[in-house]
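Okay, so here's the structure we're looking at.
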Amino acid sequence: MRRRVKFFLDTYFYFNQQEKKGIWSLIVLIVMVQLSSMLYAHFWVDNKNNLRVLSATEIVFLTEAETDSSDFDYSKSKYKNTYTYKKNYLQKFAYKTNKRDTVFTYPERKKNALLNLNEADSASLVALPKIGPVLAGRIVQYRNKLGGFHQMSQLQEVWGFKEDVLYDLEGKVFLNPQDAIAININEISLEELKRHPYFKYSLSQALVNYRKQHGNFQSLNDLRKIKLVNDSIYKLISPYCTF
């Protein structure tokens with residue numbers, strides 16, 4: 001049994017001369033580091049203990065006191081008998097300091113101004129909840145094609161805009177229908193009219209043909225004389241038509 005143990009130790013714990021020197025050097029280095037930390041804690045930290053008596057708040061009090069010659073006793077400014085001194089001094093100094101702190105008022109936060117949906121750029125729209133750069137770009141592009149939004153529900157016509165986002169925008173944006181640009185139906189050409197998302201080609205062609213056959217439109221009621229203009233289409237295009 002003893003031979004087996006000896007064989008095991010010689011096999012798995014064998015070190016040559018250089019490895020043995022390295023191990024002993026490492027042990028000596030560890031011992032020196034430990035001794036250095038013990039000596040530092042004993043001789044250096046103990047000499048600084050008189051400064052550790054005060055808490056952070058009390059040090060602030062004493063620092064302010066040193067700037068006030070009428071309240072501070074310079075004979076004790078070397079922190080002799082620190083615990084007794086700070087106990088007596090803080091009772092005298094606390095009233096003035098706490099009284100000053102109790103009247104502190106926080107500055108009022110500025111309320112964010114509402115964003116005009118017909119004038120906002122894509123950078124301003126990105127700051128709104130649930131609107132990223134891509135969606136903001138689509139909103140601006142669709143708004144330019146329309147000539148401006150007439151009501152908030154038109155945002156749902158933008159691809160990728162979800163209905164629940166409308167509720168998140170309440171109190172953050174506003175809309176002025178008068179900012180939307182109206183189209184003069186009697187003067188606009190077919191090419192310009194069909195670019196509008198609500199008119200497109202077939203309705204634009206029908207409006208231009210009616211204008212050529214019957215003359216200029218006189219009122220919104222004349223739009224209903226066109227077969228393609230049903231109630232839903234009339235509701236869409238009437239805010240953008242002028243004569």
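Structure values in brief
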read-out	value
Helices (runs of 4 or more DSSP H) (entirely within the range 133-215) containing at least 3 residues that are outside the structural domain of Lys225 (by TED's automatic domain parsing)	133-146, 164-168
From Val158, Val140, Val134, residue being touching a Gly at 6+ places or on another chain (Cβ under 9 Å) and at negative phi	Val134
Some residue of the range 182-192 being in contact with a helix residue (DSSP H, G or I) (Cβ under 9 Å, 6 or more places away or on another chain), within 17 Å of Ile139 (Cβ to Cβ) and of a type outside the set (Phe, Trp, Tyr)	no
Options Leu175, Leu190, Leu207; residue that is free of Cβ contacts under 8 Å to residues at least 60 places away in the same chain, surrounded by fewer than 16 Cβ atoms within 10 Å (Cβ to Cβ) and not polar (S, T, N, Q)	Leu190
Extreme residue, surrounded by the fewest Cβ atoms within 10 Å (Cβ to Cβ), among residues of the range 131-151 that are in contact (Cβ under 8 Å) with a residue 24 or more places away in the chain and small (Gly, Ala, Ser)	Gly147
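Condition check ((1) more than 30 Å from Leu135 (Cβ to Cβ); (2) among the aliphatic types (A, V, I, L, M); (3) buried (at least 16 other Cβ atoms within 10 Å of the Cβ)) across all residues:
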position	(1), (2), (3)
Asp164	no, no, no
Pro197	no, no, no
Gln218	yes, no, no
Asn221	yes, no, no
Ile237	no, yes, yes
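The values are calculated or read from the model by the stated rules, or taken from the named source; none is laboratory data. Given the structure is predicted, the values throughout are model-derived calculations rather than measurements. Here Cβ is always computed from backbone atoms with ideal geometry, including for glycine, and neighbour counts include all displayed protein chains.
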